[in-house]
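Here's the structure we're looking at; comments come further down.
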Amino acid sequence: MEIMNEGLDIIDNADDFYWEVNFCYHYPTFGRFVQGFVFDIVQQYDSSYDASEVGEFIDDHLGYETFVNILLDTHGDKIKNFYNKRTQDC
């Protein structure tokens, strides 16, 4: 799924996406971060590919939990490492 690469792009360019975000406050748990991260992925994909219905597709056809499971199965280590690095001083 091409949309999964948006997550890696966000992590690779984290300073552009999360430059003022206080991770300790906004994302106190990994689960909370994943919720926000999925939202960011959908928004980035929508703006990059003018695919405004991708969020509806995830919710209505694929399912949010299935999407999260695929995302974490595909890029979970990198996502977890990114989150742990950003929250190491909390």
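Side notes on the structure shown:
- Distance between the pseudo-spin-label points of Lys80 and Gln43 (7 Å out from Cα toward the beta carbon): 2.7 nm.
- Along its first, second and third principal axes, ordered by size, the chain spans 38, 23, 20 Å in Cα coordinates.
- For Thr29 and Asn69, the FRET efficiency from 1/(1 + (r/R0)^6), where r spans their Cβ atoms and R0 equals 22 Å, is about 0.80.
Read-outs throughout are calculated quantities, based only on the coordinates presented, and are distinct from any laboratory measurement. These numbers were taken from a predicted model, which means no experiment stands behind them. Positions of Cβ are generated from backbone atoms using ideal geometry, with glycine treated the same way; all protein chains shown enter the neighbour counts.
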